[in-house]
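One structure is given here, and the rest of the page talks about it.
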Amino acid sequence: MKGFVPQLVSAIPVLPAYVEGRAAPLRRTDGGIRVVAVGELGEGLGATWDALSAHAAEPNVFARRWFLAPSLAHCAASNAGELVALMRGDEAIGLVPLARETHYGPIPVAHVADWTHPNMFLSGALIARGEERAGWTALLDMLAGRGEHYALFGPFDRDGPVARGLVAAADEAGYRCRLVRQENRALLHSALPSDAYWQAALPGKKRKELRRQERRLGELGVLGFDWLEDDADLAHWCDDFLGLENAGWKGREGSAMASDAATERLFREVLSGAQVAKSLAMCRLTLDGRPIAMLVTLMADGAGFSFKTAYDETLAAYSPGVLLQHYNLDLRSRAGLDWIDSCARPDHPMIDALWSERRALAWYAVSLSGGVRRWAFDAVHALKALKRRLRGLPALHDRTTEEFV
């Protein structure tokens, strides 16, 4: 990836300034942290990014260079992003992708948010371990200094150091920070061996039905399972996955990775970069050598993230995707993972029934101004809380402050 760094610097869009007509000067906080555009790092960006990743506050593949760089290169056209670095001297303590948004939900309110795209399942904010509060303080102060009034960040692990650092930084600096959304998604986090976990997670009747489906599937041909072992086979496995996904409902709805040339390039480049970084796991279920279910997992710092999965919908009666998940339980011991994030939507009908644990995610809004704008910020979120109560939904519980909102 050496030749990719100069291309990356030129490919990442850089917003000239968030406030038209106002320069975007360097901002130094009391902690001596500067906020700079990554273009200033030149060809040193790659090494700086990788060094920061090695000391990240928490596992996040979506903030790694091999994921976020091609994301900005291929997906930023529809939602221009700016990648900024938080520098303490010559050392980066943070990298955060930012975007300019015109609406806060249905409300036409301009604000800054951390840049993301539909195939990115966590915030791309990368903060060094131990620098969570200082990093967020520098970023919030920079945004306020540029004349920004509101910011929205997330999703983060609700109980992780990055989210706690944001809340603490906003509180200490006198900004208003509100938990505005939270979700729980399926997580695989257990010390149980694969077979014991499978038995504990699924009722006996369901396990019996899956054994019957696997036998019936085996009657149609030779059923096989394997992992991607040879680096040279990656391009062929990518072709198979993209074809399998595109043949299903995502292809019909236009949301498959192969539905758009940009997302197909993103998929191939992310997997190639992850493979070089020893952060890729792919497995598949085959019938007479033909893939009928495939799963892509990205890994970092002892954690896995189920990035993409696809199966042959003509064989849906045999549950090939579920059968593949059974085999994939061995990835924990195979790759030495502590946990695997499903990256699935809440209440997913398949993975929620297979994985018993849950990961809590949180989004936070920050008011960077006082006066009338602070009042409007509080009023909007008071109305959102009232709407939740009227709909019979539970209040959001901000565990960093122990408040219910």
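Quick note: the coordinates plus some simple rules give every number you see, no bench work behind them. This structure is a prediction, so every number in the text was calculated from the model and none was measured. No Cβ is skipped: glycine too gets one built from the backbone with ideal geometry, and neighbour counts run over all protein chains shown.
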Percent relative contact order for the chain, counting Cα pairs under 8 Å at least six residues apart, stands at 19
Ordering 94-103, 291-300 by per-residue average of other C-beta atoms within 10 angstrom, highest first, gives 291-300, 94-103
Under 17 Å by backbone N from the virtual spin label 7 Å along Cα-to-Cβ at D239, the residues of segment 282-302 are 289-292
Karplus ³J(HN,Hα) for segment 141-158 (6.51 cos²θ - 1.76 cosθ + 1.60, θ = phi - 60°; Hz, whole; x = Gly/Pro) runs 5, 5, 5, 4, x, 7, x, 6, 10, 9, 9, 10, 10, x, x, 10, 4, 4
If every Lys and Arg gets +1 and every Asp and Glu gets -1 at its Cβ, then about the Cα centre segment 331-395 yields a dipole, in debye to the nearest 20, of 340
Quick calc, segment 190-337, dipole around Cα centre from Cβ unit charges on Lys, Arg (+) and Asp, Glu (-), nearest 20 debye, gives 780
With the label point 7 Å along the Cα-to-beta-carbon line of A353 and a cut-off under 20 Å to each amide N, the hits in segment 210-248 are 210-218
The set of residues whose placed amide H lies less than 5 Å from the amide H of K308, leaving out same-chain residues fewer than 5 positions away, is V296
Taking r as the C-beta separation of S369 and R129 and R0 as 35 Å, the FRET efficiency to the nearest 0.05 is 0.65
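Pop the C-beta distance of E40 and K384 into the FRET formula with R0 = 51 Å and round what comes out to the nearest 0.05.
On the way: r = 39 Å, r/R0 = 0.76.
It comes to 0.85.
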Under 5 Å from the placed amide H of I93, counting only residues 5+ away or on other chains, we find L86, M87, R88
So, with points 7 Å from each Cα along the Cβ direction, the E253-A316 label distance in nm works out to 1.2
With a Förster distance of 25 angstrom and the Cβ-Cβ distance between D226 and V276, calculated FRET efficiency to the nearest 0.05 equals 0.75
Looking only at aspartates and glutamates whose Cα falls under 19 Å of K208's and that sit 8 or more positions away or on another chain, we get D195, E219, D352
Sorted largest first, the Cα spans of the chain on the principal axes come out in Å as 70, 55, 39
Taking only the Cα positions of segment 132-285, the convex hull volume per residue in Å³ is 224
When the charge dipole of the chain is computed with +1 at the Cβ of Lys and Arg and -1 at the Cβ of Asp and Glu, the Cα pointing farthest to the positive end, of A235, I33, L383, is that of L383
